[in-house]
Amino acid sequence: NDTVMDHFMNPRNMGDLKDADAIGEVGAAACGDIMKISLKIDEKTNTITDARFKTFGCGSAIAASSMATELIKGRTIEDLEKNFDNDQIVDALGGLPPVKIHCSVLASEALNAALEDYKKKTNE
């Protein structure tokens, strides 16, 4: 659809964050997609102030990563842990074909890995 194509052709927040507070990287051997999400987090409010991604994969994987970074900015860690999953990415993209849903799952897993990384670094 147009939204998926827009996020694929014009990805938002692509790249690395210098001095990231948290990094999550996941991969799916079945399809070869690899996703990395870097986060800047306000330690006083536990709010995501910036998010970037690097994805090696198909157009749907890039679009899902791009959309995920857009959806998480400004949200708290607590909110994301309780109220964020791959369905929100799929909905925001206007849907993905059934064979590409795993791309949204990977983006959600990359975020979860980054949040776990942050907790380890801050001993939360």
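Overview of results
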{"item": "Long-range neighbours under 9 Å by Cβ, at least six apart or interchain, first residue more than 10 Å from Thr69 (Cα to Cα) and among the acidic types (Asp, Glu) within the range 42-53, second modelled with pLDDT under 95 and not in a strand (DSSP E or B)", "result": "Glu43/Thr122"}
{"item": "Hits in the range 21-47 - residues which are in contact with a Leu (Cβ under 8 Å, 6 or more places away or on another chain), within 24 Å of Cys58 (Cα to Cα) and charged (D, E, K, R)", "result": "Asp33"}
{"item": "First in the range 3-25 and assigned to a strand (DSSP E or B), second anywhere and open to solvent by less than 40 Å² (accessible area, probe 1.4 Å) and among the charged types (D, E, K, R), Cβ under 6 Å, 6 or more apart", "result": "Ala22/Asp117; Ile23/Asp117; Gly24/Asp117"}
{"item": "Some residue of the range 27-41 being hydrophobic (A, V, I, L, M, F, W, C), part of a helix (DSSP H, G or I), open to solvent by less than 20 Å² (accessible area, probe 1.4 Å) and under 24 Å from Met9 (Cα atoms)", "result": "no"}
{"item": "Residue in the range 57-73 that is more than 19 Å from Asn10 (Cβ to Cβ) and either in contact (Cβ under 8 Å) with a residue 40 or more places away in the chain or hydroxyl-bearing (Ser, Thr, Tyr) (or both) present", "result": "no"}
{"item": "Restricting the range 42-65 to residues that are out of contact with any Cys (no Cβ under 6 Å at 6 or more places or on another chain) and in a helix (DSSP H, G or I), the residue that is surrounded by the fewest Cβ atoms within 10 Å (Cβ to Cβ)", "result": "Gly59"}
{"item": "Subset of the range 101-119 that is open to solvent by 60 Å² or more (accessible area, probe 1.4 Å) and modelled with pLDDT of 95 or more - its residue that is farthest from Lys54 (Cα to Cα)", "result": "Glu116"}
{"item": "Residue in the range 75-97 that is of a type in the set (A, V, I, L, M), more than 26 Å from Asp42 (Cβ to Cβ) and either under 10 Å from the mean Cα position of the chain (by Cα) or open to solvent by 60 Å² or more (accessible area, probe 1.4 Å) (or both) present", "result": "no"}
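The values are calculated or read from the model by the stated rules, or taken from the named source; none is laboratory data. Keep in mind that what you see is a predicted model, and the values were worked out from it rather than measured. For neighbour counting, all protein chains shown are included, and Cβ atoms are generated from backbone atoms with ideal geometry for every residue, glycine included. Just the protein is used for accessible areas: all its heavy atoms, side chains included, with ligands, DNA and RNA removed. Shrake-Rupley method; radii C 1.70, N 1.55, O 1.52, S 1.80 Å.
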